[in-house]
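The values are calculated or read from the model by the stated rules, or taken from the named source; none is laboratory data. Small disclaimer: the values here were computed from a predicted structure and weren't measured. In this analysis, Cβ positions are derived from the backbone assuming ideal geometry, glycine residues included, and neighbour counts consider all displayed protein chains. Keep in mind that these areas ignore ligands, DNA and RNA; they rest on the heavy atoms of the full protein, side chains included. Shrake-Rupley method; radii C 1.70, N 1.55, O 1.52, S 1.80 Å.
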Amino acid sequence: MVAKTFKDLIVWQESYKLALAVYKTTAQFPRQEQYGLTSQLQRAVVSVSSNIAEGFGRNGAREKDQFYGMAHGSLTEVENQILIAKGVGYIKQEEFDKLESMYILTHKLLSGLQRANKLKGIKSKNSKI
């Protein structure tokens, strides 16, 4: 099936679910973290799905790859911040495990999207020759 909108991409759907889960989790963080870890984590997780959506809306494989790469960077930032939140005791093991599995799935899907986009870009270059 060809994706007609970014919402058709399974990776976007999973990153969206991850964002919702992170928002629910960070709602339980201490109030003094509102402008610290809470804000950082929320911005990073929103950046993942936003960059996937923006990349989808671009025309060339190189442009798409740039945004998918930024999504990947933000996803790695989310992983780091979730680890920090667990380390300081804001996230219990069960919640961490849930978020980690969501992160891993999103990472695998995003890596697959990046590989497919690069292959598509290579095929486009070869067809112009």
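Can you tell me which residue among THR76, THR106 is under 22 Å from GLN13 (Cβ atoms), surrounded by fewer than 19 Cβ atoms within 10 Å (Cβ to Cβ), of a type outside the set (Gly, Ala, Ser) and modelled with pLDDT of 95 or more? I'd like the intermediate steps shown before the answer.
On the way: THR106 fails: surrounded by fewer than 19 Cβ atoms within 10 Å (Cβ to Cβ).
Residue meeting the stated conditions: THR76.
GLY89 meets all of the listed conditions (1) free of Cβ contacts under 8 Å to residues at least 40 places away in the same chain; (2) small (Gly, Ala, Ser); (3) surrounded by fewer than 20 Cβ atoms within 10 Å (Cβ to Cβ); (4) part of a helix (DSSP H, G or I) but one, namely (4). Within the stretch 51-60, being assigned to a helix (DSSP H, G or I) and surrounded by fewer than 19 Cβ atoms within 10 Å (Cβ to Cβ) holds for ALA53, GLU54.
The rows are residues; the columns are (1) within 27 Å of LYS120 (Cβ to Cβ); (2) touching a Gly at 6+ places or on another chain (Cβ under 6 Å); (3) not aliphatic (A, V, I, L, M).
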position: ALA44; (1), (2), (3): no, no, no
position: VAL48; (1), (2), (3): yes, no, no
position: ALA53; (1), (2), (3): yes, no, no
position: PHE56; (1), (2), (3): yes, no, yes
position: ASN59; (1), (2), (3): yes, no, yes
position: GLY69; (1), (2), (3): yes, no, yes
position: GLU77; (1), (2), (3): yes, no, yes
position: ILE84; (1), (2), (3): no, no, no
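If you scan the stretch 3-28, which residues turn out to be among the charged types (D, E, K, R) and either assigned to a helix (DSSP H, G or I) or crowded, with 21+ Cβ neighbours inside 10 Å (or both)? Write out each step before concluding.
Filtering the stretch 3-28 down to residues among the charged types (D, E, K, R) leaves 4, 7-8, 14, 17, 24.
Result: LYS7, ASP8, GLU14, LYS17, LYS24.
Taking the residues in the stretch 92-103 that are open to solvent by 50 Å² or more (accessible area, probe 1.4 Å) and assigned to a helix (DSSP H, G or I) as candidates, determine which candidate is nearest to VAL11 (Cα to Cα).
Let us first name the residues in the stretch 92-103 that are open to solvent by 50 Å² or more (accessible area, probe 1.4 Å), namely 92-95, 97-98, 100-101.
Still in the list and also assigned to a helix (DSSP H, G or I): 93-95, 97-98, 100-101.
Details: GLN93: 25, GLU94: 23, GLU95: 21, ASP97: 19, LYS98: 17, GLU100: 15, SER101: 14 Å.
Here the answer is SER101.
The set of residues in the stretch 29-50 that are at pLDDT 95 or above and open to solvent by 80 Å² or more (accessible area, probe 1.4 Å) contains only ARG43.
Evaluating GLN66 against the criteria (1) over 14 Å from LEU113 (Cβ atoms); (2) open to solvent by 20 Å² or more (accessible area, probe 1.4 Å) leaves one unmet condition, (1). Among the conditions (1) farther than 21 Å from ASP8 by Cα; (2) without any contact (Cβ under 8 Å) to a residue 24 or more places away in the chain, GLU63 misses just one, which is (1).
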